[in-house]
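Peer 1: Below is a structure I'd like to ask you about.
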Amino acid sequence: MDHFNYADGVLCAEDVPLTQIAQAVGTPVYVYSTATLTRHFGLFRQALEWTDHLVCFAVKANSNIAVLKLLGDLGAGMDVVSGGEYARAKAAGVPGDRIVFSGVGKTAGEMRQALKGGIRQFNVESEPELELLSQIAASMGLRAPIAVRVNPDVDARTHAKIATGKSENKFGIPIARARDVYARAAGLPGIEVVGIDMHIGSQLTDLAPFRQAYEKMADLTRALRADGHAIRRLDMGGGLGIPYTRDNAAPPLPIEYGQVIRDTVGGLGCEIEIEPGRNIAGNAGILLSRVIYLKQGEGRDFLILDAAMNDLMRPAMYDAHHDIVPVIQPGVGASVRPYDVVGPVCETGDTFVRGAQMTALAAGDLVAFRSAGAYGAVMASEYNTRPLVPEVLVSGDQFAVIRERPPVEEIIARDRIPGWMG
């Protein structure tokens, strides 16, 4: 469910017509719905209300500080994967004891940053990281709380580029070695073992891989406790998918996901952490764009938009699909025709969809990419010296720019010509 619907013939974000935002801010622009973000976060809390838990939003999905503050004020924790994301979470007012630090390549500086600013736990992904973290924490007179990320070798049945739980993936420690690694962790002076971490991938639309992985986590919890470790917290990761097209069957609901957690690890008496990102933010955002040209090609028509692959990378990077809909509602029985929808960047890969059946459109018309609130703006770039796409947050009949579009002069001013060049 989202809050982008037609009213009086115009697609609206909650109670704000998208035409109004386009006129005020320009295009392309990301638009987020407060009501959708709030509702989706609430569904995950409801799914885990049977136990002590913390829903940690995956900051990599949407790192705008206004979005993080909205979720943090609702009680969300944050799952971060860099020092920059940690700084964003803190800037949004999220306390350190609600921030989990994940990622395979944490630097010494990032470790110090989080230890100094406060951290709920580090999700440790390798033995060298464990050793370095202990050294740094001990040098600061601290013990770093950790969960070891365990790779269960489970096929998440998702896109190869976002699968993380198989043996060939770079993430985590093989489950067969987990007991040895925990034994090493328990002997390090700067480490406090608090739990286990597991994350098998993103955009999962089937609960079976979760169940398989979590059953392995339950067995490991019992084994580690038998070894003397005080496992009190289980980080289940994230990855629950969303419907990117309204024609597809809906993925499992958060309440069904929560039941899988309850069935597999609910009897262990552990606090549960989850790290949803896409399922909270994905359908809470759209990318608003305007048609520049309708170009007739050899046997096909190209709809050239002012949005490009640098604004929305997912189709070029993952062959991902986003429904593209007109902002002005088509009339009943309006005819449709096939378009190749493309952007203006000088790359053949700057193609959003081929042969999309859409109502007739013309230069100046507005369109919206649905389900663009996750992994959209965060992956945007200034390729071709195109200004970074702005972001807008809507609440009821109000909207505010939460990231401005920089002028080209500002982009150019960041560069420096060496003095020896005159």
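Peer 1: From the list 293, 375, which residue is among the aromatic types (Phe, Trp, Tyr) and outside any loop (DSSP other than H, G, I, E, B)?
Peer 2: Details: 375 fails: outside any loop (DSSP other than H, G, I, E, B).
The conditions single out 293.
Peer 1: Would you be able to say whether some residue in region 239-256 is in a helix (DSSP H, G or I), out of contact with any strand residue (DSSP E or B) (no Cβ under 8 Å at 6 or more places or on another chain), among the charged types (D, E, K, R) and under 25 Å from residue 62 (Cβ atoms)?
Peer 2: At the first step, the residues of region 239-256 found to be in a helix (DSSP H, G or I) are 254-256.
Filter once more, so that each one left must be out of contact with any strand residue (DSSP E or B) (no Cβ under 8 Å at 6 or more places or on another chain): 255-256.
Cutting the leftovers down to among the charged types (D, E, K, R) gives us 256.
When the remaining residues are screened for being under 25 Å from residue 62 (Cβ atoms), the result is 256.
Checked against the condition, which is being in a helix (DSSP H, G or I), out of contact with any strand residue (DSSP E or B) (no Cβ under 8 Å at 6 or more places or on another chain), among the charged types (D, E, K, R) and under 25 Å from residue 62 (Cβ atoms), region 239-256 yields at least one hit.
Okay, residues lined up against (1) outside any loop (DSSP other than H, G, I, E, B); (2) surrounded by fewer than 17 Cβ atoms within 10 Å (Cβ to Cβ):
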site: 179; (1), (2): yes, yes
site: 185; (1), (2): yes, no
site: 188; (1), (2): no, no
site: 194; (1), (2): yes, no
site: 199; (1), (2): no, no
site: 214; (1), (2): yes, no
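Peer 1: Picking from 230, 281, which residue would you name as being touching a Phe, Trp or Tyr at 6+ places or on another chain (Cβ under 9 Å) and in contact (Cβ under 8 Å) with a residue 24 or more places away in the chain?
Peer 2: Values: 230 fails: touching a Phe, Trp or Tyr at 6+ places or on another chain (Cβ under 9 Å).
Sole residue among the options that is touching a Phe, Trp or Tyr at 6+ places or on another chain (Cβ under 9 Å) and in contact (Cβ under 8 Å) with a residue 24 or more places away in the chain: 281.
Peer 1: Which residues, taken from region 216-237, are among the small types (Gly, Ala, Ser) and either crowded, with 24+ Cβ neighbours inside 10 Å or within 21 Å of residue 255 (Cα to Cα) (or both)?
Peer 2: The first filter runs over region 216-237 and keeps only residues among the small types (Gly, Ala, Ser), leaving 218, 223, 226, 228, 230, 237.
Once the filter is applied, which keeps residues that are among the small types (Gly, Ala, Ser) and either crowded, with 24+ Cβ neighbours inside 10 Å or within 21 Å of residue 255 (Cα to Cα) (or both), region 216-237 yields 218, 237.
Every residue, every condition in (1) crowded, with 16+ Cβ neighbours inside 10 Å; (2) touching a residue at least 40 places away in the same chain (Cβ under 8 Å); (3) in the same structural domain as residue 323 (by TED's automatic domain parsing), yes or no:
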position: 12; (1), (2), (3): yes, no, yes
position: 16; (1), (2), (3): yes, yes, yes
position: 22; (1), (2), (3): yes, yes, yes
position: 38; (1), (2), (3): yes, no, no
position: 44; (1), (2), (3): yes, yes, no
position: 62; (1), (2), (3): yes, yes, no
position: 84; (1), (2), (3): no, no, no
position: 96; (1), (2), (3): yes, no, no
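Peer 1: Does residue 296 count as touching a strand residue (DSSP E or B) at 6+ places or on another chain (Cβ under 9 Å), without any contact (Cβ under 8 Å) to a residue 12 or more places away in the chain and surrounded by fewer than 14 Cβ atoms within 10 Å (Cβ to Cβ)?
Peer 2: Values: touching a strand residue (DSSP E or B) at 6+ places or on another chain (Cβ under 9 Å): yes; without any contact (Cβ under 8 Å) to a residue 12 or more places away in the chain: yes; surrounded by fewer than 14 Cβ atoms within 10 Å (Cβ to Cβ): yes.
Taking the combined requirement at face value, the residue satisfies it.
Peer 1: Taking region 306-358 on its own, how many of its residues are more than 25 Å from residue 20 (Cβ to Cβ) and of a type in the set (Asp, Glu)?
Peer 2: Residues in region 306-358 being more than 25 Å from residue 20 (Cβ to Cβ) and of a type in the set (Asp, Glu): 4 in total.
The values are calculated or read from the model by the stated rules, or taken from the named source; none is laboratory data. Because the structure is predicted, anything quoted here is derived from the model rather than measured. Note: ideal-geometry Cβ built from the backbone for every residue, glycine included; neighbour counts use all protein chains shown.
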